[in-house]
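Structure first, then comments.
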Amino acid sequence: MFDRFQAYWRFYNVGAVRGVAAFGLLLTSLAGCMPVDLLNATISTRGLTVYRDIAYGTDPKQKLDIYAPKSAAGNAPVIVFFYGGAWQTGDKKEYLFAAQALAAQGAIVVVPNYRLYPQVTFPGFLEDGAAATAWTLANIRKWGGDPMSLFLVGHSAGAYISVMLALNREYFAAAGIPDVKLAGAVGLSGPYDFLPLTRADVKAIFEVVPEMAVTQPIHYARPDAPPLLLLTGDNDDTVYPRNTEHLADRIRALGGQAEDRIYSGVTHVGTVLALTPLFRDRAPVLADIAAFVAKHRSTAE
């Protein structure tokens, strides 16, 4: 079965299918066994303690998992990881592979679920992201994390959440943490400047406000934003690389800190799958995130 998963990845990676179609292929049932489950079955949690289904709000969807290195000594950097799925699909249990990879670098990783369409439209998922972050800041010392070294990381729609929260202060203010200072934010294949909307499903999520500019992370670019690391692939035809280029250029033009990487031959789902040992040679995503965290984490004792 695992050999069949590898064959599907090779088929995807050479360009026979890409973007949403490829992601659907990877997550479609294969003889009764989901490929994402096969992928996670190759991931060891040795050296980690995993805490599941911790409530950060009152809605059944508002729960999170924590992946804590057993070696964490009270000052580990903290990563809140938001998964993608076009703001409509996804579940934290599917992202063991991403959480393990990041935790193996010494970070405590928090993976929240958040409310999805049609339960919510914009900005409900951002409100949940801010609430999960507020909960993490208030509680993560119990697991050995340093709230002064908190990073938001996400893929696709999760990258949108991570970067929007880093740029637009109003969501943290509404969550009761107006003076939060993030150490940084990382976006993998994220949509940051995606007007005009063309997909009917995305229109239903965002066309609920009179001014569409307020839905775009680039609208909130500012020189004093937390440092950003924006990663994408040049074969991404789901969220075009120009999203990464435009936001990074805007932040730098304003005098802020933004690094961007466009990996050759990498597709939309390829950036997040590159976190796994099986596909890590496709792009240095994990190494780039680890270097960014090491550069911007707090050094205070």
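Remarks
- Within the range 200-222, residues that are more than 13 Å from Pro123 (Cα to Cα) have Cβ atoms under 6 Å from residues that are of a type in the set (Lys, Arg) and surrounded by 14 or more Cβ atoms within 10 Å (Cβ to Cβ) in these pairs: Ile218/Arg250; Ala221/Arg250, counting only partners at least 6 apart in sequence or on another chain.
- The range 170-210, residues that are within 17 Å of Ser156 (Cβ to Cβ), aromatic (Phe, Trp, Tyr) and not in a loop (DSSP other than H, G, I, E, B): Phe206
- Long-range neighbours under 6 Å by Cβ, at least six apart or interchain, first residue assigned to a loop (DSSP other than H, G, I, E, B) within the range 131-146, second crowded, with 19+ Cβ neighbours inside 10 Å: Gly144/Ala72; Gly144/Ala76
- Residue in the range 262-269 that is under 25 Å from Trp87 (Cα atoms), surrounded by fewer than 23 Cβ atoms within 10 Å (Cβ to Cβ) and either modelled with pLDDT under 95 or polar (S, T, N, Q) (or both) present: no
- Residues in the range 70-96 that are more than 17 Å from Ala159 (Cα to Cα), buried (at least 20 other Cβ atoms within 10 Å of the Cβ) and at pLDDT 95 or above: Ala76, Pro77, Leu96.
- Against the criterion of being of a type outside the set (Asp, Glu), modelled with pLDDT of 95 or more, buried (at least 24 other Cβ atoms within 10 Å of the Cβ) and on the phi < 0 side of the Ramachandran plot, Ala99 qualifies.
- For the range 228-238, the count of residues that are within 24 Å of Gly57 (Cβ to Cβ) and surrounded by fewer than 19 Cβ atoms within 10 Å (Cβ to Cβ) is zero.
- Hey, Gly158 modelled with pLDDT of 95 or more, outside any helix (DSSP H, G or I) and over 16 Å from Ile54 (Cα atoms) or not: no
- Qualifying residue in the range 268-284 (condition: of a type outside the set (A, V, I, L, M), part of a strand (DSSP E or B) and within 30 Å of Glu170 (Cβ to Cβ)): no
- Which numbered condition Leu165 fails, given (1) touching a residue at least 40 places away in the same chain (Cβ under 8 Å); (2) within 29 Å of Asn75 (Cβ to Cβ); (3) among the aliphatic types (A, V, I, L, M): (1)
- Residue selected from the range 220-262 under the condition assigned to a strand (DSSP E or B) and hydrophobic (A, V, I, L, M, F, W, C), by the criterion farthest from Val272 (Cα to Cα): Ala258
- Among (1) in a helix (DSSP H, G or I); (2) hydroxyl-bearing (Ser, Thr, Tyr); (3) surrounded by fewer than 18 Cβ atoms within 10 Å (Cβ to Cβ) - the single one Thr299 does not satisfy: (1)
- Residue in the range 160-174 that is basic (Lys, Arg), in contact with a Gly (Cβ under 7 Å, 6 or more places away or on another chain) and either within 15 Å of Phe82 (Cβ to Cβ) or surrounded by fewer than 24 Cβ atoms within 10 Å (Cβ to Cβ) (or both) present: no
- All of (1) touching a strand residue (DSSP E or B) at 6+ places or on another chain (Cβ under 6 Å); (2) over 25 Å from Leu39 (Cα atoms) hold for Ala107 with one exception: (2).
The values are calculated or read from the model by the stated rules, or taken from the named source; none is laboratory data. Bear in mind the structure is a predicted one, so any value in this text is a computation, not a measurement. Glycine also receives a Cβ, built like all others from the backbone with ideal geometry; neighbour counts cover every protein chain displayed.
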